[in-house]
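Shown next, in structure tokens, is the structure this report addresses.
The values are calculated or read from the model by the stated rules, or taken from the named source; none is laboratory data. As the structure is a computational prediction, the values presented were derived from the model and not from experiment. Neighbour counts are summed over all protein chains in view; Cβ atoms, including those assigned to glycine, are modelled from backbone coordinates with ideal geometry. All accessible areas refer to the heavy atoms of the entire protein, side chains included, with ligands and DNA or RNA removed. Shrake-Rupley method; radii C 1.70, N 1.55, O 1.52, S 1.80 Å.
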Amino acid sequence: MKATCPNCKSQSEPYFNSKDYNRHVTNETFHHYRCPECELIFISPIPENLGSYYPDAYHLIPDSVARLEKTSEQDHYKIEIVRRFVKAGSLLEIGPSYGGFTYLAKKAGFRVDAIEMNARCCEFLRDVVGVHAIDSDDPVQALRCVGPYDVIALWHVIEHLPNAWATLEAMCARVKPGGYVVLASPNPDAFQFRIMGRYWLHVDAPRHVMLIPMKLLVAKMEQLGMKAEWITTGDEGSLRCNVGGWEVSFINLSSNRLIKQVLHRIGRLAARLFASIERREGKGSAYTMVFKRVD
């Protein structure tokens, strides 16, 4: 059975089936399709109760400011990327979870807002991180009530959104002229995806409802008046995705605990073995993009 591409409406053939290999929240089977025109990979049908596939453990909220400070260290590369283009101003993060990057952006002097679907995370963002947090699973609606901003950031969020295209349009409308959108997402053209297929960490069904090719995302953003200023699969975050991707993807090959331990070691070996290939631009497991509003 074919499915209609949510981007260009082309009739798309089945690509592969998968399960929730990463979190094991459900034993359901999810059907993935690949559009023959725009090459978008998408789940159809998308579960109506998508929020129920995010277990409480998905957001490991720190128990103190000190712990937040410690865990946010892994997000320093993100604020460094932003500050290459914008030194200060207003910033919105969509899907910040408990707010490691949000915390660093505020600490760097930005005036920060957040849109987050998890109520516990929103409470933490308000009470501990100290930013304005909107509790919503509909960023399109939430964006109508905020901004405009010098920066809007989405770190591995766009692939989670059933209304991804409407969200991009709403975001770009809330970026100031000369402002920036910074986003990262899994790369469906990755070498690792070609090898691991449905077991690839970044398939993450059903939470990742689509995998967006880089050229498609660039084209969509250009239509919305955004110019690509920087595109890479080799930044610090993307390189981490390469290593973690091999380890978890191999673990996903078995449900046996002892076998998983062996597969984890094999995954680490694969990460070292294929590192030189994945460091080539376009081959890494994730991409990071920076766009400037120029219209």
Considering only protein heavy atoms and a 1.4 Å probe, what is the carbon-and-sulfur percentage of the accessible area of the chain? 50 percent
Mind checking the full-extension length gain between residue 83 and residue 189? Use 0.36 nm per residue of separation minus the Cα-Cα distance, one decimal, nm. 35.4 nm
Each label point is 7 Å from the Cα along the Cα-to-Cβ direction; what then is the distance between the points at residue 169 and residue 265, in nm? 5.3 nm
By accessible area with a 1.4 Å probe, ligands and nucleic acids excluded, highest first: order of 117, 196: 117, 196
Hey, with R₀ at 25 Å, roughly what FRET efficiency would residue 56 and residue 127 work out to, going by the Cβ-Cβ distance, to 0.05? 0.85
Please compute the Kirkwood hydrodynamic radius of the stretch 50-120 from all pairs of different C-alpha atoms, in Å with one decimal. 13.0 Å
Ratio for the stretch 66-210, C-alpha Rg to 2.2 N^0.38 Å, reads 1.05
Where the Cα atoms of the chain are projected onto their three principal axes, how long is each span, largest first, in whole Å? 48, 46, 39
Quickly work out the residue 1-to-residue 274 label distance, labels modelled 7 Å from Cα along the C-beta direction, and quote it in nm with one decimal. 3.2 nm
Restricting to the chain, what percent of DSSP beta bridges are antiparallel, rounded to 5? 60 percent
Dipole of the chain, positive end: most advanced residue of 71, 11, 157 [Cβ charges, Cα centre]: 71
For Cα pairs less than 8 Å apart in space and 6+ apart in sequence, what is the mean separation divided by the residue count of the stretch 1-130, i.e. the relative contact order in percent? 16 percent
Quick one: in the stretch 146-244, what % of C-alpha pairs are over 21 Å apart? 35 percent
Exceeding the 22 Å Cα-Cα cut-off - candidates 70/260; 87/176; 260/283; 106/283; 106/227: 70/260; 260/283; 106/283; 106/227
In Å², rounded to a whole number, the accessible area per residue of the stretch 1-42 with probe 1.4 Å is 57 Å²
Once you charge only the Cβ atoms, +1 for Lys and Arg and -1 for Asp and Glu, what is the size of the charge dipole of the chain about its Cα centre, to the nearest 20 debye? 740 debye
